[in-house]
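Undergrad: Sharing a structure, written as structure tokens. Questions coming.
The values are calculated or read from the model by the stated rules, or taken from the named source; none is laboratory data. What you are looking at is a predicted structure, and each value in this text was computed from that prediction instead of being measured. Reconstructed Cβ throughout: ideal geometry from the backbone, glycine too, with neighbour counts over all protein chains shown.
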Amino acid sequence: MDRDPPGPRGARTVEPRPPRQGVLREAEIVASALAIIERDGVEGLTMRRLSQSLGVSLGATYKHVATKDDLLRLVTAELYRRVLAADTPDADWRPRLRAFLLRMHEVVGSCRGLAAHLAAHADDPITARLYYPLHAALTQAGFTPDGADRVLRTLFFYTSGALLTPASDPARERAAADFAAGLDLVLDGVARALPAKRETSA
């Protein structure tokens, strides 16, 4: 079994819980992993620290999650669930995409270092959970399927780029405002690209 690499400098020690009884549940694993990431970033998350946080042996953790990549996939699924929970399918395409991407920026941005992992695994099928609802909204607005693909690539590239440039806590509010302003400019361009017969839906 591989040993965890040493944690990054500045990572706080996880206080181990007393040994626990009962079944370890996936929701508990994900919640503990997210707590560590939000505090110390993705680099601070190791299987050993997660086990300490859960109050279980390292072997017990590996029985549920085989690798750190598998763990991050579970974390990603939970974050995407939170993003999708704020989706508004009945809204017009522009406010819907705007609210969706602002929520994505907020949720993923709270987990330092996770954006780089998501960018490196952009082809993971789990990403389709975000992609298909927005693609459908754009085709309903009047874009061709290929046109909707181009729009979504542009929007996700913009969002990913913003997330890959993390802001310190004091600058986070300004970074969020800058992201929103830039997103509005991108959406202005998307609205202008709509076929003329459906442009009124923008």
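Undergrad: Would you point out which residue out of Ala66, Ala33, Ala11 is at pLDDT 90 or above, within 24 Å of the chain's Cα centre (by Cα), under 20 Å from Cys111 (Cα atoms) and of a type in the set (Gly, Ala, Ser)? Working first, answer last.
TA: On the way: Ala66 fails: under 20 Å from Cys111 (Cα atoms); Ala11 fails: at pLDDT 90 or above.
The conditions single out Ala33.
Undergrad: Pick from region 27-58 the residues that are of a type outside the set (A, V, I, L, M, F, W, C) and not in a helix (DSSP H, G or I): which of them is farthest from Leu79 (Cα to Cα)? Give the derivation first.
TA: Going through region 27-58, the residues of a type outside the set (A, V, I, L, M, F, W, C) turn out to be 28, 32, 38-41, 43-44, 46, 48-49, 51-53, 55, 57.
Filter once more, keeping what is not in a helix (DSSP H, G or I): 41, 46, 55, 57.
On the way: Gly41: 15, Thr46: 19, Gly55: 24, Ser57: 26 Å.
Looking at residues that are of a type outside the set (A, V, I, L, M, F, W, C) and not in a helix (DSSP H, G or I), I get Ser57.
Undergrad: Further question: Out of (1) touching a helix residue (DSSP H, G or I) at 6+ places or on another chain (Cβ under 8 Å); (2) modelled with pLDDT under 95, the odd one out for Pro18 is which?
TA: (1)
Undergrad: Hand me the list of helices (runs of 4 or more DSSP H) wholly inside region 87-183 holding 2 or more residues that are more than 20 Å from Asp69 (Cα to Cα), touching a helix residue (DSSP H, G or I) at 6+ places or on another chain (Cβ under 8 Å) and among the hydrophobic types (A, V, I, L, M, F, W, C). Working first, answer last.
TA: Working: elements: 93-109, 114-120, 128-141, 145-163.
Counting at least 2 such residues, we get 93-109, 128-141, 145-163.
Undergrad: Could you give me the residue pairs with C-beta distances under 6 Å whose first residue belongs to region 94-120 and is under 22 Å from Leu185 (Cα atoms) and in contact (Cβ under 8 Å) with a residue 24 or more places away in the chain, whose second residue is of a type in the set (Phe, Trp, Tyr) and outside any loop (DSSP other than H, G, I, E, B) wherever it lies, and which are 6+ apart or on separate chains?
TA: These pairs meet every condition: His105/Phe179.
Every residue, every condition in (1) among the aromatic types (Phe, Trp, Tyr); (2) surrounded by fewer than 18 Cβ atoms within 10 Å (Cβ to Cβ); (3) modelled with pLDDT of 95 or more, yes or no:
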position: Arg96; (1), (2), (3): no, no, yes
position: Gly109; (1), (2), (3): no, no, no
position: Leu118; (1), (2), (3): no, no, no
position: Asp123; (1), (2), (3): no, yes, no
position: Leu130; (1), (2), (3): no, no, no
position: Thr144; (1), (2), (3): no, yes, yes
position: Arg150; (1), (2), (3): no, yes, yes
position: Ala162; (1), (2), (3): no, no, no
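Undergrad: Of all residues being at pLDDT below 95, exposed (fewer than 13 other Cβ atoms within 10 Å of the Cβ) and of a type outside the set (Val, Ile, Thr) in region 179-200, which is nearest to the chain's Cα centre (by Cα)? Just the residue, please.
TA: Pro195
Undergrad: Is one or more of the residues making up region 68-84 under 30 Å from Arg192 (Cα atoms) and either surrounded by 16 or more Cβ atoms within 10 Å (Cβ to Cβ) or outside the structural domain of Asp184 (by TED's automatic domain parsing) (or both)?
TA: Within region 68-84, the first condition is being under 30 Å from Arg192 (Cα atoms), and the residues that meet it are 80, 83-84.
Among the residues that remain, those that are also either surrounded by 16 or more Cβ atoms within 10 Å (Cβ to Cβ) or outside the structural domain of Asp184 (by TED's automatic domain parsing) (or both) are: 80, 83.
Yes: region 68-84 contains one or more residues that are under 30 Å from Arg192 (Cα atoms) and either surrounded by 16 or more Cβ atoms within 10 Å (Cβ to Cβ) or outside the structural domain of Asp184 (by TED's automatic domain parsing) (or both).
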